[in-house]
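The values are calculated or read from the model by the stated rules, or taken from the named source; none is laboratory data. Source: prediction; values computed, not measured. Glycine gets a Cβ as well: all are built from the backbone with ideal geometry, and neighbour counts include every protein chain shown. With ligands, DNA and RNA removed, areas are computed over all heavy atoms of the protein, side chains included. Shrake-Rupley method; radii C 1.70, N 1.55, O 1.52, S 1.80 Å.
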Amino acid sequence: MKVRLLGYGAALALGAVLGSPAFAFEGTSVSAPSCDYGGTIKSIAATDELTVTVTMCKPDPAFSAKIIFPVFGIQPSEHIAALGPEGKLLDDPIGTGPFKLDAWNRGDSIVMSRNDNYWGKEPAYDKLVFRWNASGAGRLNELRAGTVDEITNLSPDDFDAVENDPSLQFLPVASPNSFYLGMNNTYKPFDDVRVRQAIGMGIDRQRIIDYYYPEGSEVASHFTPCSLENGCAGDDWYAFDPKKAKELLAEAGYPDGFKTKIFYRDVFRSYLPEPGSVAVEIQTQLKQNLGIDAEVVPMESGEFIDAAAQGRLDGFHLLGWGADYPHVTNFLDYHFSSNTKNFGKPQPAIYEPLAKAATIADPAKAEPLYAEANDEIKKLVPTVPIAHGASAYAAQANLTGGEVPAFGAIRFEDVNPGKDTFVFMQNAEPISLYCPDESDGESLAACTPITETLLRYDPKTKKIGPNLATSCDANEDSTVWTCHLREGVKFTDGSAFDANDVVASWGAGIDAANPAHVGNTGAFTYYAYLFGSLMNAK
Amino acid sequence: MTKMKTAVAAAEANITAETLMGPAVPMWKRTWQRLLRKRSGQVGLFIIGFMVVIALAAPILAPYDPDQVLIGVEHVKRREAPCIHLLGCEASKPQHIMGTDENVRDVYSRILYGARISLMIGIVTVSVSLIFGVLIGAVAGFFGGWTDTILMRFMDVILGFPSLLLAIAIVAVLGPGIQNALLAVSIVSLPAYARVTRASVLSVKTLDFVAASQLLGASRWRILFRRVLPNALTPIVVLATLGIATSILDAAGLSFLGLGAQPPMAEWGTMLGSAKDQIFSAPHLVFFPGIAIMLTVLGFNLLGDGLRDALDTRLN
C-alpha cells in the first residue's frame, strides 16, 4: 500500500513537472537516412510543442492537400505506443473529434457519442450511429421508412424520385471526377495525331451527358474538373465538329474509318454510371460520325485496370478518375507523367510543364504552366476528356447540415437531425477504425467524426482550411512544410494534443521500421501512394 | 472379304423390323400423327413454329435495326415505356410497341432478332452435346468393361457439379462471349445424353436381332451403328427436345450474368441482365425478354412432353 501510494505520488509529481510550461518540450521525429528510398518525405519532426516540420526529398506543393485525407488522422502518441505494436488499434480509436466510439456491433452498427472535450462547435445531437447496406434500393427503403436519417450513393435511377419526394432531400455530391476515352499512341492507327484529334472532335460529348448521366453532370472542358485550382487553365476542349473530324481522318489515310475495339469494365462509378450503355453509345457515335467500326469488349475489372495501366489495350478504353485530394497534380501528374503508360508513349510537351509546375506551391504562379500542359493535351489528344459525373446522397427533409463536401465525409458536427440520434447509412461496414491502414471510403467516413486531421477541406470557401492545425506553410520551393498546431485541444482520453502526437501518428504510417507500423494489413496504401514510398522499408 | 460383307448385309436385310413384325407404318410418321393428337404437342409445336417464323422473318417484321440507337433519329427518350398507337398512345409520338431500352433502341425489334439467337443457341448446343454424348454413351454401353467405367465415371464427374456453376467456371476460364457460352452449355449437358444413351444401348443390345447380326458375323461397330443405335434413339429424341429448353435457359442465364452474349447483341438474357436494376423504373425492359424466354422454353418443354407420350408405345 505504501509503495503504491508512493508510486502514485511520484507519478503526480512527474506529471506536474511535465505539465508545467517551464519544462522543456522534448520533440520526437521520424526520418529516412537518405532520400534514396524513393519516397518524398525526408523527415517529420516536432520542433516545439505546437509545431511540426516536414522536410521533403523533392518539392511537393500538394502536401497540404494530401494531409486532409482521413488516413492522416491524429491519435495520442501514448495510445499508439501502447497498442500499435500489438496491432490493437483497429477498433480502439482515440481522437479529438466531435464524437467518440461507444460500441461497434459487428455486422450491424457502430455507435458513437458526443465528445464533451471537443474543441469546436458542439454537435446538436448526442448519438451518431453508422449503419450500412450494400444495395442502393435497400438504403433508399430504409430512408423512406424513417429508420435512417441520411444515406450515401443514391442510385442514378432514384434521383428523380428523391427530388420529387417532399419528405426527402436530395444532396448532390460535388466530388470532382473525370471520365475519359483513352487511346494508346503506340498502336496503329492511334499513332497518328490526326486520328486522335479527329476522335477528339468527332464525338458529341453533350449528347452523352444528356442521355447517360444524371442531372448535375457536366461536359468536360478540360481533363481536370474546374472545381480544382488550375484545373481549367488553358483553352476549352474542341467543339463537336464531325465534318472537320472526317477531314482529319481522311488526311491521315482513313477516309472510311477503321476497325478497332472499345474496352471497358462493367463497374459503377460516379464518373461513369452506366459503362455498358455509354460504351454502346460511343460505338454508335464512332460509326455514325467517323465511320469507325468498334467492337464493344467488357473486361474483368482488375484485368482491365492492369491492362490499361500497362498500355496493353490496343483500342479505346473507357476509364475515369475520382479525386483523392484537392490538387490538380492528382489528376494531371497521375495520368500524364513521364512514366505513365496508359496512353502509350508519354509526351514530353505535356509532362515537362507538369514537372515544373509540381514544384510551385503558389497556384497563381503555377497557372501558366498548367495552361501550357492542358493546351498540349488538347493538341496531342492522348485521351478525350468527356464528362464530370454527378452523384448524390439523400436525407430526411427536416435534417440540416447533411451536405456532402467535395472531399471527405460529411461534417458530422454540423448536422442537425432534429432529434438526439443521427443514423447515417453507407454502402458497407468499415473494415477497421484505424484509418491510416485503410483505403475504402466507408472506413474513412467512420473515422472522420473520431480522429481529426491537421487541415480540412472547407466546403464554404472551397479551399483547404484549418482543423487541428491553424495553418501549414511551405517554404519557397515547397521542400519544407511547417504546420502550426491548435492550442488547448484535448483527446477524448483527457490527454493534451501536441506535436509529438502528430509525429507518432504519421510515423506509424510512413515509417516501416516503426514498432507501431502494424495496422491492419500493414500495407498503409495511402501513405505509400501519396508520398511515393514508405521510409525505412526492408 | 468384300463378298463376305455384302453377304452379311444381305442376310441382315432379311431380319429387319419388317420381317419380324410384319409391314408397319413408318415409325416417324406414326409418331408425328400421335404428336398432333396430343394437346401439349399441339401447343408446343405452335409456339415453336411461331418462334421459328419470328426468327426467320425478323428483318421483315422488325420496324428498326435492332442495334440502331435512335438518339437524333427520333424524338424518344431512354427506357421509354411502350407506345402503341392503337391503344391510345399519341399519334405524334413514334410507335414502339415494347418501348425503348437504355441505349434508345427499339425493344420490339431486339426481341424479334433475339429469337434468332436463342433458337440458334438451343439447336447448336443440343446438337453438339447430342453428337458427343450419344457417341460416348453408345460406346460405353455397347463395349462395357473398362471403356464403360472410364467414360461414365468421367461423365459422373461433370454431373457432380451444379450445371450452371460449371458453365460459369468454364466461361470464366475461356473468357466471356457467345461461342464460349455455347461450348460451356454443351459440355455441361453432355452427361445426360451419355447416360440415357448408355442405358438405352444396354437394353437394346440384349435383343434377339442384335444376337442375330452377331451370329451372321457383322463387325461390332457395324452392329452398334446400324442395329443398336437406331433402335435406342427414342428416349434420346425426347431428351434432346427438352434439352433445347434447358440450354436456352442456361445460355440466357450466362448472358444475364454478363458471361454469354456481349452487348450490343440483341440476346434476351443480356437484355434482362442490363435492365435488372431498372425493374421498378422501367419494367418493360425486363418483362418482354423475360416473357420471350419463358414462351420459348415452355414451347420446347411442351413439345418434349408430347414427343415422349407419342413415342411411348405403352401409352398407345
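Every residue, every condition in (1) in a loop (DSSP other than H, G, I, E, B); (2) out of contact with any Gly (no Cβ under 9 Å at 6 or more places or on another chain); (3) surrounded by fewer than 21 Cβ atoms within 10 Å (Cβ to Cβ); (4) at pLDDT 95 or above, yes or no:
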residue	(1), (2), (3), (4)
A:Ala366	no, yes, no, no
A:Tyr393	no, no, no, no
A:Gly408	yes, yes, no, no
A:Gly418	yes, yes, yes, no
Before we move on, is A:Val278 surrounded by fewer than 15 Cβ atoms within 10 Å (Cβ to Cβ), closer than 19 Å to B:Ser274 by Cα and either within 14 Å of chain B (Cβ to nearest Cβ) or touching a Gly at 6+ places or on another chain (Cβ under 6 Å) (or both)?
no
How about region A:286-306: which of its residues are at pLDDT 90 or above and either outside any helix (DSSP H, G or I) or farther than 20 Å from A:Pro242 by Cβ (or both)?
A:Gly291, A:Ile292, A:Asp293, A:Ala294
State whether the residues of region A:282-291 include one that is within 14 Å of another protein chain (Cβ to nearest Cβ), in contact with a Ser or Thr (Cβ under 9 Å, 6 or more places away or on another chain) and in contact (Cβ under 8 Å) with a residue 12 or more places away in the chain.
yes
Would you check which residues across region B:26-46 are touching a helix residue (DSSP H, G or I) at 6+ places or on another chain (Cβ under 8 Å) and outside any helix (DSSP H, G or I) and list them?
B:Lys38
Being part of a loop (DSSP other than H, G, I, E, B) and open to solvent by less than 20 Å² (accessible area, probe 1.4 Å) is the filter here, so list the residues in region A:506-520 that pass it.
A:Ala516, A:Gly519
Listed by range, helices (runs of 4 or more DSSP H) wholly within region A:46-145 having at least 3 residues that are free of Cβ contacts under 8 Å to residues at least 12 places away in the same chain are A:136-145
Condition check: in contact with a strand residue (DSSP E or B) (Cβ under 8 Å, 6 or more places away or on another chain) and buried (at least 22 other Cβ atoms within 10 Å of the Cβ). Does A:Leu248 satisfy that?
no
For region A:184-207, indicate whether the set of residues that are within 20 Å of A:Phe422 (Cα to Cα) and among the basic types (Lys, Arg) is non-empty.
no
Restricted to region B:280-290 and to residues being more than 9 Å from chain A (Cβ to nearest Cβ) and not small (Gly, Ala, Ser), the residue farthest from B:Ala55 (Cα to Cα) is B:Pro283
Just the residues that are within 14 Å of A:Val423 (Cβ to Cβ) and either open to solvent by less than 50 Å² (accessible area, probe 1.4 Å) or part of a strand (DSSP E or B) (or both), please, taken from region A:146-166.
A:Gly146, A:Val148, A:Asp149, A:Glu150, A:Ile151, A:Thr152
Residue check for A:Leu228: within 23 Å of A:Lys378 (Cα to Cα), outside any loop (DSSP other than H, G, I, E, B) and either more than 11 Å from chain B (Cβ to nearest Cβ) or at pLDDT 90 or above (or both)
no
Failed item, numbered, when B:Leu35 is tested on (1) over 20 Å from B:Tyr113 (Cα atoms); (2) touching a Lys or Arg at 6+ places or on another chain (Cβ under 8 Å)
(2)
Taking B:Thr149 as meeting all but one of (1) within 14 Å of chain A (Cβ to nearest Cβ); (2) open to solvent by 30 Å² or more (accessible area, probe 1.4 Å), write down the number of the exception.
(1)
Which pairs have Cβ atoms under 8 Å, sit 6 or more apart or on different chains, and link a residue in region B:59-85 that is within 13 Å of another protein chain (Cβ to nearest Cβ) and touching a residue at least 24 places away in the same chain (Cβ under 8 Å) to one that is in a loop (DSSP other than H, G, I, E, B) and open to solvent by 70 Å² or more (accessible area, probe 1.4 Å)?
B:Val76/B:Lys93; B:Arg79/B:Ser281
Give me the residue from region A:300-328 that is closer than 21 Å to A:Thr186 by Cβ and open to solvent by 40 Å² or more (accessible area, probe 1.4 Å) and, out of that set, nearest to the other protein chains (Cβ to nearest Cβ).
A:Glu303
Name every residue in region A:429-452 that is of a type in the set (D, E, K, R), surrounded by fewer than 24 Cβ atoms within 10 Å (Cβ to Cβ) and in a loop (DSSP other than H, G, I, E, B), in order of residue number.
A:Glu429, A:Asp440
Being closer than 25 Å to A:Ala392 by Cβ, more than 14 Å from chain B (Cβ to nearest Cβ) and touching a strand residue (DSSP E or B) at 6+ places or on another chain (Cβ under 7 Å) is the requirement here; does A:Asp149 meet it?
yes
Hits in region B:69-99 - residues which are polar (S, T, N, Q) and touching a Cys at 6+ places or on another chain (Cβ under 9 Å)
B:Gln95
Over 26 Å from A:Leu332 (Cα atoms), open to solvent by 40 Å² or more (accessible area, probe 1.4 Å) and not in a loop (DSSP other than H, G, I, E, B): does that describe A:Lys261?
no
Is it true that some residue in region A:494-505 is open to solvent by less than 30 Å² (accessible area, probe 1.4 Å), in contact with a strand residue (DSSP E or B) (Cβ under 7 Å, 6 or more places away or on another chain), under 14 Å from A:Ile44 (Cα atoms) and aromatic (Phe, Trp, Tyr)?
no
Considering only residues that are part of a helix (DSSP H, G or I), within 14 Å of chain A (Cβ to nearest Cβ) and surrounded by 24 or more Cβ atoms within 10 Å (Cβ to Cβ), which ones fall in region B:230-268?
B:Leu254, B:Ser255
Test: residue in region A:346-355 that is in contact with a Lys or Arg (Cβ under 7 Å, 6 or more places away or on another chain), open to solvent by 40 Å² or more (accessible area, probe 1.4 Å) and assigned by the TED database to the domain that holds A:Ile209
no
Any idea which of (1) in contact (Cβ under 8 Å) with a residue 40 or more places away in the chain; (2) outside any strand (DSSP E or B) is the one A:Val423 doesn't satisfy?
(2)
Can you tell me which of (1) assigned to a loop (DSSP other than H, G, I, E, B); (2) among the hydrophobic types (A, V, I, L, M, F, W, C); (3) more than 14 Å from chain B (Cβ to nearest Cβ) is the one A:Val195 doesn't meet?
(1)
Single unsatisfied condition, A:Thr482 versus (1) crowded, with 17+ Cβ neighbours inside 10 Å; (2) assigned to a strand (DSSP E or B); (3) of a type outside the set (A, V, I, L, M, F, W, C):
(1)
State all residues of region B:59-75 that are surrounded by fewer than 18 Cβ atoms within 10 Å (Cβ to Cβ) and in contact with a strand residue (DSSP E or B) (Cβ under 7 Å, 6 or more places away or on another chain); if no residue qualifies, say none.
B:Pro63
